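Structure, as structure tokens:
The values are calculated or read from the model by the stated rules, or taken from the named source; none is laboratory data. Values in this document were obtained by computation on a predicted structure and should not be read as measured data. Note that each Cβ is placed from the backbone with ideal geometry, even for glycine, and that neighbours are counted across all protein chains shown.
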Amino acid sequence: MSLLELQGVEARYGEIRALHGVTLTVDEGDFVALLGANGAGKTTTLRAVSGTVKTSGDVLLDGQKLFRRTPEAMARRGVAHVPEGRGTFSTLSVLDNLRLGAWVHGNAEPRELAHVFEFFPRLYERRLQQAGLLSGGEQQMLALGRAMMARPRLLLLDEPSLGLAPRVAREIFGVLGRKNETGTTIVVVEQNATLALEAAQHAFVLETGRVVLGGDAADLRKNESVRRSYLGY
Amino acid sequence: MTNFIQQIVSGLASGGIYGLLALALVLIHRSTGVINFAQGEMATLSAFVCWTLISHGWAFWPAFGATLVLSFAGGLALETTIIRPIQGGPLLGIVILTIGLLIAFNGLDTWIWGGAAKQFHGPFSTAPIRVGGVAFSKQDLGVIAVAFVVLALVGVLFTRTRLGLGLRAAAVNPDEARLVGVRVPSMLALGWGLAAVLGAIAGVMAAPSLFLEPNMMQTVLLYAFAAAVLGGMDSPLGAVVGGLLLGVLLNLVGTYVHWIGGELRLATALAVILAVLLVRPSGLFGRAAARRV
């Protein structure tokens with residue numbers, strides 16, 4: 001059963017068209033990586049799903065076409081979007097950031113908080129600090145932890161490894177893998193294609209606002225043009 | 001010494017009113033970046049509503065409660081019908097709109113209630129009570145108590161409730177707030193409603209000593225600006241502390257610095273604004289958003 005389907009989705013920022021008809025399917029429980037050069041439309045694809053950019057074309061969740069997609073409504077439908085650049089509430093505490101993650105469920109449950117702190121013990125140590133004072137890696141953990149608090153069905157992540165030390169990036173992807181094993185569907189945009197293709201089951205390659213290639217991550221790793229363009233060997 | 005203590009207490013009382021109005025300004029400023037110049041006139045309008053209810057035979061506290069409810073609804077309605085359509089446009093446009101509202105509310109008050117000052121009988125008698133040889137007015141003590149209770153309630157709302165969390169999130173980062181599912185426009189409307197309630201409390205508390213007339217809150221608004229700048233334009237706690245400090249400072253300076261006296265009271269407040277902007281632009285409690293790259 002496909003959880004998410006995009007059919008001929010187009011998007012534009014003013015005069016500039018960012019997506020020229022993106023069509024792709026993400027199955028329930030899947031772990032999907034979106035690859036592509038800068039400006040290929042990866043970020044915009046995520047934004048099209050979470051309703052943070054105006055689009056035409058169809059977006060389907062559970063096979064149902066979604067008409068009014070606002071970010072608030074998509075959050076209620078179980079879509080959690082972690083945008084690029086560790087979007088946190090910088091002047092609020094780590095704990096408040098996590099509580100906000102559970103906003104759509106009402107109050108944050110202690111059990112969920114404990115769950116996130118289990119994944120990221122460092123967030124527990126820093127729970128009373130201002131989010132803006134965390135290191136880059138910790139902010140990414142917080143952004144991910146906040147998304148986990150929403151208990152999303154579909155987790156969208158934009159460049160979770162950007163600017164992080166390789167060890168921290170692996171830690172983040174390790175957590176994503178574990179969340180995926182427990183049933184969360186994940187779509188990740190990632191510059192580090194090696195890391196992404198290791199973690200993901202499926203991948204799509206975007207070029208100039210279109211999907212040009214898609215399939216098993218393992219197959220794509222062997223694909224000549226993917227290797228040359230994104231893996232660098 | 002007796003005079004000194006009395007001046008401090010009455011300074012705290014007027015400072016409490018500045019602080020409440022400053023708190024209203026801060027609530028709107030920190031969520032939208034707008035300075036609501038109409039805040040003072042909104043407070044006056046609320047005080048007129050309360051006065052009207054009382055003059056129709058209502059007891060003070062029920063009239064006060066009804067006024068707060070009406071003010072909340074009014075603030076909410078003002079945001080959704082007048083402010084929201086131009087929200088997202090240039091800030092200057094919204095600021096000019098609030099100046100327009102100031103004039104409109106002032107005109108409305110004069111049109112309905114006339115320009116003559118009215119006596120407003122507050123809940124606290126003006127009779128003095130004596131504590132160890134020092135006489136305090138009950139009115140002053142009552143206003144101080146109200147200011148502290150309101151501050152505590154606002155503090156609880158913001159730091160202990162889910163609604164407060166949503167209000168803060170919408171203020172800090174509206175885009176992220178929408179992504180976690182917070183209805184940001186509703187939060188902004190609630191912010192205006194709350195600000196209107198705080199203004200109403202300030203207006204009703206000020207009316208017994210200032211006499212009720214359409215221009216009643218105009219100078220108070222300037223003191224509230226000074227209080228907000230002193231405490232930090234984005235800090236609710238700062239607004240109230242700034243108001244109390246300013247009230248005490250103005251009273252002491254007015255009493256003990258003879259060349260300032262009563263005439264230069266407002267100028268002193270403006271000097272405070274200037275000094276804070278020069279020395280510590282973010283105010284006593286304000287902080288530039290912490291960011292580590």
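The residue pairs whose first member lies in region A:86-110 and is part of a helix (DSSP H, G or I), whose second member is of a type in the set (S, T, N, Q), and whose beta carbons are closer than 6 Å, counting only pairs six or more residues apart or on different chains, are A:94/A:129; A:97/A:88.
A quick yes/no check of all residues on (1) within 11 Å of chain A (Cβ to nearest Cβ); (2) part of a helix (DSSP H, G or I); (3) buried (at least 21 other Cβ atoms within 10 Å of the Cβ):
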{"residue": "B:144", "(1), (2), (3)": "no, yes, yes"}
{"residue": "B:157", "(1), (2), (3)": "no, yes, no"}
{"residue": "B:176", "(1), (2), (3)": "yes, yes, yes"}
{"residue": "B:182", "(1), (2), (3)": "yes, no, yes"}
{"residue": "B:192", "(1), (2), (3)": "no, yes, yes"}
{"residue": "B:197", "(1), (2), (3)": "no, yes, yes"}
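Here's the yes/no breakdown for (1) within 12 Å of chain B (Cβ to nearest Cβ); (2) at pLDDT below 95; (3) at negative phi:
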site	(1), (2), (3)
A:31	no, no, yes
A:56	no, yes, yes
A:71	yes, yes, yes
A:110	no, yes, yes
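Could we say that residue A:53 is assigned to a strand (DSSP E or B) and out of contact with any Cys (no Cβ under 6 Å at 6 or more places or on another chain) here? Answer is no for this residue. Residues in region A:142-174 that are among the aliphatic types (A, V, I, L, M), under 26 Å from residue A:107 (Cβ atoms) and either more than 13 Å from the chain's Cα centre (by Cα) or not in a helix (DSSP H, G or I) (or both): A:142, A:149, A:150, A:154, A:155, A:156, A:157. I'm trying to understand the selection: among the residues of region A:33-52, which are on the phi > 0 side of the Ramachandran plot and surrounded by fewer than 16 Cβ atoms within 10 Å (Cβ to Cβ)? Scanning region A:33-52 gives a single hit, A:39. Checking the stated criteria, residue B:129 turns out to be touching a strand residue (DSSP E or B) at 6+ places or on another chain (Cβ under 7 Å) and either away from every other protein chain (no Cβ under 14 Å) or of a type in the set (Lys, Arg) (or both). When you look at residue A:231, is it surrounded by fewer than 20 Cβ atoms within 10 Å (Cβ to Cβ) and either free of Cβ contacts under 8 Å to residues at least 60 places away in the same chain or not aromatic (Phe, Trp, Tyr) (or both), yes or no? For residue A:231, the condition - surrounded by fewer than 20 Cβ atoms within 10 Å (Cβ to Cβ) and either free of Cβ contacts under 8 Å to residues at least 60 places away in the same chain or not aromatic (Phe, Trp, Tyr) (or both) - is met. The set of residues in region B:108-136 that are exposed (fewer than 13 other Cβ atoms within 10 Å of the Cβ) and without any contact (Cβ under 8 Å) to a residue 40 or more places away in the chain comprises B:111, B:114, B:127, B:129, B:130, B:131, B:132.
Checked against (1) in contact with an Asp or Glu (Cβ under 9 Å, 6 or more places away or on another chain); (2) surrounded by fewer than 23 Cβ atoms within 10 Å (Cβ to Cβ); (3) closer than 20 Å to residue B:148 by Cα, residue B:237 passes all but condition (1).
For region A:198-216, a tally of residues being over 16 Å from residue A:40 (Cβ atoms) and at pLDDT 90 or above returns 6. Regarding residue A:36, is this residue in contact with a Gly (Cβ under 6 Å, 6 or more places away or on another chain), within 13 Å of residue A:211 (Cβ to Cβ) and touching a residue at least 60 places away in the same chain (Cβ under 8 Å)? So residue A:36 fails the test. Of the numbered criteria (1) within 16 Å of the chain's Cα centre (by Cα); (2) over 17 Å from residue B:226 (Cβ atoms), the one residue B:25 fails is (2).
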